[in-house]
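Down below is the structure, laid out as structure tokens.
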């Protein structure tokens, strides 16, 4: 499944910057950052549940926000990119 994860972490308080870093770190384990607070993740259902569980444990539900958009199997027909930074294809060839 292809999932778009977005987050808004209130970094103005004492622990906000730490939560922000932790959320980004978890998202990097599951996908590719495409904007500052937006990740595209190609995961199976169990990975999705693990990622979601980890992220929910990190945030402050009174101050922060997480959004998960399931783009499904036909995600290539649902993503239209315009502008800077080339598009990310998680099913493409990996060059190291």
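The values are calculated or read from the model by the stated rules, or taken from the named source; none is laboratory data. These numbers come from a predicted model, not from an experiment. Every residue, glycine among them, receives a Cβ derived from its backbone with ideal geometry; neighbour counts consider all protein chains shown.
Tabulated data for the structure shown
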| item | result |
| --- | --- |
| Among residues of the range 9-33, those that are farther than 16 Å from residue 70 by Cβ and within 11 Å of the chain's Cα centre (by Cα), counted | 8 |
| Condition check for residue 3: surrounded by 14 or more Cβ atoms within 10 Å (Cβ to Cβ) and either touching a helix residue (DSSP H, G or I) at 6+ places or on another chain (Cβ under 7 Å) or modelled with pLDDT under 95 (or both) | yes |
| Residues of the range 34-66 classified as out of contact with any helix residue (DSSP H, G or I) (no Cβ under 7 Å at 6 or more places or on another chain), closer than 13 Å to residue 6 by Cα and surrounded by 12 or more Cβ atoms within 10 Å (Cβ to Cβ), total | 6 |
